[in-house]
Structures are given as structure tokens and as C-alpha cells.
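Read through the structure below, which is laid out as C-alpha cells, and then see the notes.
The values are calculated or read from the model by the stated rules, or taken from the named source; none is laboratory data. In this text the structure is predicted, and so the values were computed from the model without any measurement. Neighbour counts are summed over all protein chains in view; Cβ atoms, including those assigned to glycine, are modelled from backbone coordinates with ideal geometry. Quick note on the areas: whole protein, heavy atoms, side chains included, nothing else; ligands and nucleic acids left out. Shrake-Rupley method; radii C 1.70, N 1.55, O 1.52, S 1.80 Å.
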Amino acid sequence: MSANMTLLVIMGVLYACGIYLLLERSLTRVTLGLMLLANATNLLILVTGGYAGLAPLFTKGTDPHDYNDPLPQALILTSIVISFAVTAFMLGIIYRTWVLGRQDIISDDTEDQRVANTPSFDAEDDAVIPDETTEFPETPEELVHASSDDGAPPAVEPGQGDEPGSGGRA
């Protein structure tokens, strides 16, 4: 199965123009970009559907390979309905922004500018992590040293308080 090269080139041009318009600050251009992307997607589904064949109605004596697959046509119809709904929604947003602000271009607000000017270094997230992250001492000497630093009672020396009922103190 080979695809029609003309449809592939047109589809590529529609995708390129749609993405270019989608990156603009004007809501009208964003809407036009979405419409171009939807039409390019419809062409993509059409090209992947294969060659045109007979209608998918069963008749005796017709080879099953001669029939056309109805699934791409159903997907294109669904895509048309979805793109119409997205276009209607975007037109509603354009109308509302025009009524409120008399402009079609979305501008940066103060919060966007503050976030853009914030340095990317975060002291908590970007801190150097030590090799040993445990807070608990591993040796008895570290136990004695840790207890003498914070004013807590001295730790039990090894071998002391091992007998039952001693309560851990000598």
C-alpha cells in the first residue's frame, strides 16, 4: 500500500502552519492553528485508511478484500465533531476576552514575570546530600559523644545493664 504523496505533503504543510500559529500570542491565530491541526489529522486518518474500495455492504460473490474499511471514515467524522466543538469553545473565549479587555493578544501578567525572573536554584531541593544520611550513631563511642553534646544522660557502656531487671542503668 502506497500513500498519495500529494496528500502527505499537504498534511505536512498543514501541521507546520498549525503549529506555527498555535505558538502565537493572539487567540484568533491559536484558533486558526487548531483548525489547521484538526484538518491535517483528518488527512492523516484518510491516508492511513488505504485505497478506496466498495461500500462496506455485504453482497454475495464479492471478494472481502475489495471492500472499503469504514473505521477511518467514522474516525474522521468524530474528529470533525471534536474540532468543531473546540473551535466553538475558542471562539467563545475570544469573544469574552474581547468584551472584557478589547484585545485579542494574551499578555504576561505580573505573576508570569515574577516566575520568569526567579532563579532556578532552590536551596532545599538543590542542596548537597551528604554521603551518610542517618541521624543515628553506629558505634558506642559515637553514642557517648552524641549524648554528651545535647545534655542527655550518658549512654550505657557496652557490657553494663545486660542482666535482666537492671533497667539498663548500672
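Numerical summary
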item: Qualifying chymotrypsin sites (Phe, Trp or Tyr not before Pro) in the range 68-118, DSSP loop, other Cβ atoms within 10 Å at most 12; result: none
item: Accessible area of the range 1-115 divided out per residue, in Å², using a probe of 1.4 angstrom; result: 73
item: Listed peptides 117-129, 30-42 by packing density, highest first (mean Cβ within 10 Å); result: 30-42, 117-129
item: Qualifying trypsin sites (Lys or Arg not before Pro) in the range 53-102, DSSP loop, other Cβ atoms within 10 Å at most 16; result: LYS60, ARG102
item: Dmax and Rg, reported as Rg then Dmax, of the range 1-135 (C-alpha, Å); result: 24.7, 82
